[in-house]
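Worksheet: one structure, shown below.
Coordinate-derived values only; no laboratory data. Not measured: the values here are computed from a predicted model. Because the Cβ atoms are built from the backbone with ideal geometry, glycine has one as well, and the counts that use them run over all protein chains shown.
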Amino acid sequence: MPKDRKKVKKFLNIALGQLEGILKMIDEDRYCLEISDQLMATRALLKKANNIILKDHIDDCVRQAIIDGDDEKIDEVIKALEKQI
């Protein structure tokens, strides 16, 4: 788990609130680009939360895996990073 749980939870809670707002916007038949803007903002928050988690994983688990010669952890993080692209 990330060291900075508070920050991750903050981003996720804001994203959750944004998703609830987006659902309301859809029910209200709001302008498509307004909805899209909110979706992009939510996606950015999720990416920030994910980056914190991945950074902590690299700092702890992957660093130790390199010391231990465990290529599996390195392959896992490479796959996780490829999903972000």
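Data overview
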| item | result |
| --- | --- |
| Charged-residue dipole, Cβ positions (Lys, Arg, Asp, Glu), region 5-84 about Cα centre, Debye nearest 20 | 440 debye |
| The chain pair-distance distribution - Cα-Cα, 5 Å bins, rounded % | 3, 14, 19, 16, 15, 11, 9, 6, 4, 2, 1, 0 |
| Calculated from backbone phi, Karplus (6.51, -1.76, 1.60) coupling profile of region 35-41 in Hz, x at Gly/Pro | 5, 4, 4, 5, 4, 5, 5 |
| Lysine pair count for the chain [Cα-Cα under 20 Å; pairs on different chains or 8 or more apart] | 25 |
| Signed unit charges on C-beta, dipole axis of region 5-84, positive-most listed residue LEU23, LEU81, ILE66 | LEU23 |
| Environment charge at LYS9 (Cβ cut-off 15 Å; Lys +1, Arg +1, Asp -1, Glu -1) | +4 |
| Length-normalised contact order for the chain - Cα pairs under 8 Å, 6+ apart - percent | 35 percent |
| Extended-chain gain in nm, criterion 0.36 nm per residue less alpha-carbon gap, ILE53 and ILE67 | 3.0 nm |
| Sparse-neighbour loop sites [trypsin sites (Lys or Arg not before Pro); the chain; at most 16 other C-beta within 10 Å; DSSP] | LYS3, ARG30 |
| For region 60-69, Karplus couplings with θ = phi - 60° (6.51, -1.76, 1.60), whole Hz, Gly/Pro x | 9, 5, 5, 4, 5, 5, 5, 4, 7, x |
